[in-house]
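The values are calculated or read from the model by the stated rules, or taken from the named source; none is laboratory data. As the structure is a prediction and not an experimental result, all values here were calculated from the model. Glycine gets a Cβ as well: all are built from the backbone with ideal geometry, and neighbour counts include every protein chain shown. For accessibility, only protein heavy atoms count, side chains too; no ligands or nucleic acids. Shrake-Rupley method; radii C 1.70, N 1.55, O 1.52, S 1.80 Å.
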2 protein chains.
Amino acid sequence: MKHTITVHFQNSFNALSRIIGLFSGRGFSIDSVSFGEAKEPGMARMTITTRGDERIIEQINNQLNKIVDVVNVKDLTYEPFVERELALVKVTSTAEARSEIIEVVNVFRAKIIDISPQSLTIEVTGKADKIDAAIGMFRPFGLLEVARTGSVALTREFKGET
Amino acid sequence: MKHTITVHFQNSFNALSRIIGLFSGRGFSIDSVSFGEAKEPGMARMTITTRGDERIIEQINNQLNKIVDVVNVKDLTYEPFVERELALVKVTSTAEARSEIIEVVNVFRAKIIDISPQSLTIEVTGKADKIDAAIGMFRPFGLLEVARTGSVALTREFKGET
């Protein structure tokens, strides 16, 4: 089952290294990891998307909570949340193919952020499956490079009855 | 000096753990780390933004290249590149404050992706300093949560004379 876990911790490579270390060697598949400053100075927030056995996820949650620098661990899996990631995609583009690529860019509400006579670099954001679909559409033109950030996630606020 | 380093490697938590481990304990400040699938199946691409002594960065480059799963290490610092990150920002928003927040959202070409009677969740993309500026503008309304992906970077293709 897919799990989206957020970890709030004191920002250091050391803490980051220990958190990642907990996941390694356990045969988890990583869908994505992203990591950046949180709203409080000196704090970081990591989002890990992974697939793994329920019981092992629970063990990891417990072990994460024992790391001194970790302030908070949350498994978002069982509540509504919004998630987004960003990808930069560099595509081969001759002048002839350009308008066809731009059509795909528009469908995905993506942005062209760099251009050369032989290429376009595109910024696209969305859930992981939208990014997958966009990359799938750009692939036939010739992918030169792809860089994805990994997902970040926040819980939805609206908790009322619908 | 700020360094933007990309590492291309065989996707596993184990490799990720070893790469992060090389940076930890060396007193580096991390600006950001991001990590996701590369264009080739089974491959991942990590972008690390850090500040550190030139000599130590060189040592780390050398050590990264010795990890079996690492295919390629590139320090983008000395060539032109585009970089982007994504942030989700959840802001306190009463009905009265909403239009003022939406003005800021429009200035940053950001998007509102969730709304509740008490809050707005905003997606904003750009270079790290633009994200900093956006978060700075949203802060007075009351930040509930911030999740940043960390930067991803690709070299610019246009290498000709300007």
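As a ratio to 2.2 N^0.38 Å, the alpha-carbon radius of gyration for chain B is 1.23. Think of a 1.4 Å ball rolled over the protein heavy atoms: the stretch B:82-154 then has 39 Å² of accessible area per residue. Can you tell me the dipole magnitude for the protein assembly as shown around its Cα centre, using point charges on the Cβ only (Lys, Arg +1; Asp, Glu -1), in Debye to the nearest 20? Once rounded to the nearest 20, the dipole reads 380 debye.
Can you give the Rg/Rh ratio of the stretch B:46-120, where Rg is from the C-alpha atoms and Rh is the Kirkwood radius?
Result: Rg/Rh = 1.25.
Over the stretch A:2-75, what is the mean sequence separation of C-alpha contacts under 8 Å (at least six apart), divided by residue count, expressed as relative contact order in percent? Value for the stretch A:2-75: 48 percent. In straight-distance terms, cross-link reach from A:Lys130 covers every one of the aspartates and glutamates whose alpha-carbon lies under 20 Å from its own, apart from those fewer than eight places away in the same chain; here that gives A:Asp31, A:Glu83, A:Glu85, A:Glu100, A:Glu103, A:Glu145, B:Glu37, B:Glu40, B:Glu85, B:Asp114, B:Glu123. For the stretch A:11-111, the residue among A:Ala38, A:Asn61, A:Thr94 whose Cα projects farthest onto the positive side of the dipole built from Cβ charges is A:Ala38. The value for the stretch A:82-154 of Rg(Cα) / (2.2 N^0.38 Å) is 1.05. A label point on B:Pro140, set 7 Å along the Cα-to-Cβ line, lies at 5.1 nm from each of its counterparts in the other copies, closest listed first. Across the identical copies, the 7 Å label point of B:Val68, projected outward along Cα→Cβ, sits 3.4 nm from its counterparts, in ascending order.
Per residue of peptide A:9-19, the mean number of Cβ atoms on other chains within 10 Å of the residue Cβ is 5. If only the Cβ of Lys and Arg carry +1 and only the Cβ of Asp and Glu carry -1, the dipole of the stretch A:82-154 around its Cα centre is close to 120 debye. Put simply, the amide H of B:Leu144, placed in the peptide plane, has neighbours under 5 Å in B:Lys90, B:Val91, B:Thr92, leaving out anything fewer than 5 places away on its chain.
Pairs from the table (A:Lys111/B:Lys2; B:Lys2/B:Lys66; B:Lys39/B:Lys66; A:Lys66/B:Lys66; A:Lys2/B:Lys111) lying more than 29 angstrom apart at Cα are A:Lys66/B:Lys66. Quote the charge dipole size of the stretch B:26-141 about the Cα centre in Debye, to the nearest 20; the model charges only the Cβ of Lys and Arg (+1) and of Asp and Glu (-1). Roughly 80 debye, rounded to the nearest 20. Contact order, relative form, for chain B: 27 percent (alpha carbon pairs under 8 Å, 6 or more residues apart, mean separation divided by residue count).
Simple rule: put +1 on each Lys or Arg Cβ and -1 on each Asp or Glu Cβ in the stretch A:82-154, find the dipole, and look at A:Leu154, A:Ile131, A:Leu144; the Cα lying farthest toward the positive end is A:Leu154.
Between copies, the label points of A:Met43, set 7 Å from Cα on the Cα→Cβ line, lie 3.8 nm apart, reported in increasing order to one decimal in nanometres. On association of chains B and A, roughly 5200 Å² of accessible area becomes buried (total for both chains; probe 1.4 Å).
Using Cα-Cα distances under 8 Å and only pairs 6 or more residues apart, what relative contact order does the stretch A:82-154 have, in percent?
It comes to 52 percent, rounded to a whole number.
Taking a ≥ b ≥ c as the square roots of the Cα gyration tensor eigenvalues, with a/c under 1.5 meaning rounded and otherwise prolate when a/b beats b/c, else oblate, which class fits the stretch A:2-75?
prolate
Computed with a 1.4 Å probe over protein heavy atoms only, the accessible area of B:Thr92 comes to about 50 Å².
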